[in-house]
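These notes are about the structure you will find just below.
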Amino acid sequence: MSHHDKPAGRKSEGWEPKIVAIVCNWCTYAGADLAGISRIQYPPNVRIIRVPCTGRINPFYVVKVLQAGADGVLVSGCHPGECHYISGNLSARRKFATLKSFLNYIGIEDGRTTFTWVSASEGERFAQVVKAVTERVKALGPATKLVKKLRDADVAVAK
Amino acid sequence: MEKVEKKLREEAKKLLAEKKVDVVVGYEAGTLPLTATPVFITAPEEADRLVWNAFCHHNLAKYVHDLISANRDSQKRLKPEDRKRKVVGVVTKGCTSRSLVIHLQERQYERLDLSILGVPCTGYVDRRALAEKLGGEEILEGSLDGANLKIRTASGEKTIAVKDVLAANCVTCRFNNPVISDVMLGEPAPAMNPAAEYAEIDEFEKLSPEERWAYFQKEMAKCIRCAACRQACPSCYCRTCFAEQSMPQWVGISEDPSDTQVFQFMRMYHMVGRCVDCGSCVSVCPMGVDLRKFLKKLDKDCFVLFNQRAGEKIDFPAPLQDQRMDDKEDFIFNPGGGH
Ligand code: SF4
Ligand code: SF4
């Protein structure tokens, strides 16, 4: 157990937010790749989880990530009309719209969760998104709401 | 009301005698004064047990789903041609009818499996509101006299207007008459006050995030995770609820408050476009958790975003089954603003 386990410890100087990005394979992941290949700089705060399609993202993933102690969640996929599976992102959009609104309603800070679209050719946009999200989350400070304090190994985001 | 009740018994009797249905799910008088309880009538001569009054609060769609799926399961080993349909007659008020629509939208059974006995609803008595009015005194005797409840407690006789103890969801109900039925018993009931249905939500939205979080925390801290809310909910019919799945384990079972918060948050979130505001979960909750404050928000969002209300239209897919290219996406983040 290090001092990092305590939220108070995480508030200490030099705190860097941990942001989990759940992105689709066909657009945003490729966009992130392009950012890398093009050597566009963006903050190293995101941990990327690749899924086949935003339509495959169970809204529970977002909540689970928050419970596990991530300071921010980013979800991104293909722009509407460009889904590899035609309409996965449109189904996802309805889920995310209601999910985000419901999270805000119970008092989760708006900046903790971000939903966007980044296509495979938008390496620049990916970098901008990550930069903006990191700044937003930094301004909010470490997450406390919904965060599980009694850690069990399987939910804890690796410190 | 009595007229509706009489017609209801006649209709149930007829359906059972003609073997049009295998069972009628309805309400009978409860064992305590001023209560009603679900009943399953299978013989015409039992139909006189059926009642219809202001104590019939259960959303019977729950039992319809249970009966039909149990019947289907019991016939799994039979050859398809030997399988028998179980036709369920169901006493159906507005909220129940919308739950049936949801089951149909979600392909849980077919319209042919149902015989819908529509009843006009003017709202049901909220057990807690009534207890409060009586200062927690036990009801020794009670009867319904027109628009009033005549009650005898240890301290004497009391008269309470039904309208003063109606459940909150009934007061602003938009669908107090069934949206689908095979036969409608009695004249449609007069409208309630749907104009005010989101007033409470609008108020809550005005609070700061910190105040809202404090309220959410406070309410969820009451929850003992008995899952009665889920058991009572007609839209909660999964064979294995996420709350009990272990591979992966979606919700932890520790004492950490977040485990309960996450369970409730997701149980409620699963009600987007599926909660008919029947109040069943609220009425069964032993801890008095204010679930409606959150569930009604989902209903509001669903209407604001997708212009649909849960179980409203049988010819449409449910809101989250559907999607449109031009759905609102104001929540989508664009770095540097603009599109
Ligand atoms: S969540 Fe509660 S109010 Fe909504 S349909 Fe289920 S039992 Fe009824
Ligand atoms: S019925 Fe009430 S106490 Fe039981 S799980 Fe639901 S909200 Fe919690």
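The values are calculated or read from the model by the stated rules, or taken from the named source; none is laboratory data. Predicted model only: the values in this text are computed from it and were never measured. We place every Cβ from the backbone using ideal geometry, glycine too, and count neighbours over all the protein chains shown.
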Would segment A:121-138 turn up any residue that is surrounded by fewer than 22 Cβ atoms within 10 Å (Cβ to Cβ), more than 20 Å from A:Val23 (Cα to Cα) and more than 9 Å from chain B (Cβ to nearest Cβ)? yes
If you go through segment A:6-24 one residue at a time, do you hit one that is under 29 Å from A:Ser121 (Cβ atoms), away from chain B (no Cβ under 13 Å) and at pLDDT below 95? no
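Sort out which residues of segment A:64-113 are part of a loop (DSSP other than H, G, I, E, B), closer than 20 Å to B:Arg267 by Cα and more than 9 Å from chain B (Cβ to nearest Cβ), and write them in order of number. I'd like the intermediate steps shown before the answer.
First, pick out the residues of segment A:64-113 that are part of a loop (DSSP other than H, G, I, E, B): A:68-71, A:78-82, A:84-85, A:87, A:106-109.
Keeping just the survivors that are closer than 20 Å to B:Arg267 by Cα gives A:68, A:106-108.
The answer is A:Ala68, and nothing else.
Go through segment B:258-288 and give me each residue that's more than 12 Å from ligand 1 (Cβ to nearest atom) and either under 27 Å from B:Phe55 (Cα atoms) or more than 12 Å from chain A (Cβ to nearest Cβ) (or both).
Within segment B:258-288, B:Pro286, B:Met287, B:Gly288 meet the criteria.
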Which one is farthest from ligand 2 (Cβ to nearest atom) among residues in segment B:304-325 that are away from every other protein chain (no Cβ under 11 Å) and either assigned to a helix (DSSP H, G or I) or among the aliphatic types (A, V, I, L, M) (or both)? B:Ile314
With the condition kept exactly as written, say whether any residue in segment B:54-76 is over 20 Å from B:His103 (Cβ atoms), outside the structural domain of B:Val282 (by TED's automatic domain parsing) and in contact with an Asp or Glu (Cβ under 7 Å, 6 or more places away or on another chain). no
From (1) in the same structural domain as B:Arg292 (by TED's automatic domain parsing); (2) within 21 Å of the chain's Cα centre (by Cα), pick out the condition that doesn't hold for B:Pro248. (2)
If you scan segment B:223-242, which residues turn out to be in a helix (DSSP H, G or I) and within 7 Å of ligand 2 (Cβ to nearest atom)? B:Ala228, B:Cys229, B:Arg230
Just one of B:Leu291, B:Leu298 is facing another protein chain (nearest Cβ under 9 Å) and within 11 Å of ligand 1 (Cβ to nearest atom); which is it? B:Leu298
Can you confirm whether segment B:191-210 contains a residue that is over 20 Å from the mean Cα position of the chain (by Cα), within 23 Å of B:Val4 (Cβ to Cβ) and modelled with pLDDT under 95? no
With the structure loaded, tell me whether B:Lys62 is surrounded by 20 or more Cβ atoms within 10 Å (Cβ to Cβ) and either outside any loop (DSSP other than H, G, I, E, B) or at pLDDT below 95 (or both) or whether it fails that test. yes
